[in-house]
Amino acid sequence: MSEFWLISAPGDKTNLQAWERMNTVTSKSNLSSNSKFHIPDLKVGTLDALVGLSDELGKLDSFAESVIKKMAQYIGEVMEDSKDKVQENLLANGVDLISYLTQFEWDMAKYPIKQPLKNISEALAKQITQIETDLKTRAAAYNNIKGNLQSLEKKTMSSYMQWQKTYESLSDMVVPRSTKMIAEDAEGGLFTVTLFRKVMDDFKAKARENRFMVREFYFDEKELKCEKEELMKLASDKKQQYGPLLRWLKVNFSEAFVAWIHVKALRVFVESVLRYGLPVNFQAMLLQPNRKSVKRLRDVLNVVFKHLDEVAAASIMDPGMDIPGLQLSNQEYYPYVYFKIDFSLLDCS
């Protein structure tokens, strides 16, 4: 399953036993695959600052997710290849995405932990925003060449067999077997057809609907040569840009993905401090649910961690329960800190 749950619980003795119990129960029943998620000792700052940062990180999380989704999809467009082939190129720090996530280590060089949390958040936001800006610029340049090439190809190419099968039925009063090829090269062919003048407009309209180019033709060798040279130039330009663009996409997809997971780590840290208080003492955990056992896993987690928030646990057991003062606005809320990491967003099919 391409979905992971990043959760945390207090790290005191009693709740450490709860983590061990949860891991044992879920693993033994094949509900999920679990691992500890290591977050370094970050600077807490004031609780007021944490509350404000919590909201900012939520927005940054969504933004980062949207950027890596765009990049994954665009890699698929550029490669024009199978989904499996594209997935092979979606790496983070040189490894597949699941390996990077399950073996996550904070990048101390890029995001020094001695600085305030807000500084780290701003650095991540700046990095992801720059990647998105560069993506737009590079994609526009490549798409322009690709679009011009496709337009010229459509202008000069058509399916010979399709023409032979359909031209007689495009309108009434087309002379059967009247088409003749008068010119052909690697890029396309030029055909004549005989029909009554009164159906000419109807024939032209139907031909265009079937993606045949209809035009008054005056043979101009110079113009045809220029058209062919332009086609070759665009094809060459596209080929030259392909390699550098794909390399840039792969490098910056990795950068954006790594930044996204650091945002997730920051969110877990901030929410855990806000939820469990000071001094900082919590255990972050990564769970990969079994697709068939999602509901059962949620129930088990609720039982294991219900002592952390009896009210939240009760509301999960009874969704219709009215709890005064609890306004969740459709937001997922559990007795433990919880964030979802959804890799299906990177589906490039």
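The values are calculated or read from the model by the stated rules, or taken from the named source; none is laboratory data. Predicted model only: the values in this text are computed from it and were never measured. As a convention, Cβ positions derive from the backbone with ideal geometry for all residues, glycine included, and neighbour counts pool all protein chains shown.
Quick look at the values:
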read-out: Residue match in the range 166-185 (condition: modelled with pLDDT under 80, in contact with a helix residue (DSSP H, G or I) (Cβ under 9 Å, 6 or more places away or on another chain) and surrounded by fewer than 11 Cβ atoms within 10 Å (Cβ to Cβ)); value: yes
read-out: Lone unmet requirement of (1) within 18 Å of L234 (Cα to Cα); (2) surrounded by 12 or more Cβ atoms within 10 Å (Cβ to Cβ); (3) modelled with pLDDT under 85 for F191; value: (1)
read-out: Among the candidates S158, S151, residue that is farther than 23 Å from K250 by Cα, of a type in the set (S, T, N, Q), part of a loop (DSSP other than H, G, I, E, B) and modelled with pLDDT under 95; value: S158
read-out: Filter result for L286 (modelled with pLDDT of 95 or more, outside any helix (DSSP H, G or I) and surrounded by 19 or more Cβ atoms within 10 Å (Cβ to Cβ)); value: yes
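For (1) surrounded by 13 or more Cβ atoms within 10 Å (Cβ to Cβ); (2) among the acidic types (D, E), each residue gets a yes or a no:
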| residue | (1), (2) |
| --- | --- |
| Y100 | yes, no |
| W106 | yes, no |
| K110 | yes, no |
| Q115 | yes, no |
| I120 | yes, no |
| T137 | no, no |
| E153 | yes, yes |
